[in-house]
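What follows is a single structure, written as structure tokens, with notes after it.
The values are calculated or read from the model by the stated rules, or taken from the named source; none is laboratory data. Computed from a prediction, not measured in an experiment: that's the story for all the values here. When we count neighbours, we look across all protein chains shown, and the Cβ atoms used for this are built from the backbone with ideal geometry, even at glycine.
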Amino acid sequence: MREMQWRDVNGPGSSSTKKSAQPGAVLWREPGQASDAYAVLEVARDASPQTIRRAYRTLMEKFHPDRQPEHLRLWAGEMAQQINSAYALLRDAARRAAYDDACLIRWKHDSSL
């Protein structure tokens, strides 16, 4: 299992490397680092459209900037942008298929090196 960078929702200062999701932590993409739309929404690659929608709504409810204290609103806004981008990509069947094909090609290229 690959390691991912996680940041605790208690504040932008605490981060650690973990191997799986845990309550209260979310995948955080650092600027310039590629992200996986499935990991952002915390769903499996074979997830149904209903599961993807449910995950999106749950995460947006949890991380919407208007529901956060003042000192976390900027961070929550960045999280909401990542969640929205991932959902926009995965909710459309054609875009999702193209994304999956691109990920497969990238994975084959990386494994051949």
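Residues being buried (at least 16 other Cβ atoms within 10 Å of the Cβ), under 14 Å from the mean Cα position of the chain (by Cα) and at pLDDT below 95 are entirely absent from region 97-104. When you scan region 49-58, do you find a residue that is at pLDDT 90 or above, closer than 18 Å to Ala37 by Cα, assigned to a helix (DSSP H, G or I) and hydrophobic (A, V, I, L, M, F, W, C), even just one? For region 49-58, residues at pLDDT 90 or above, closer than 18 Å to Ala37 by Cα, assigned to a helix (DSSP H, G or I) and hydrophobic (A, V, I, L, M, F, W, C): present.
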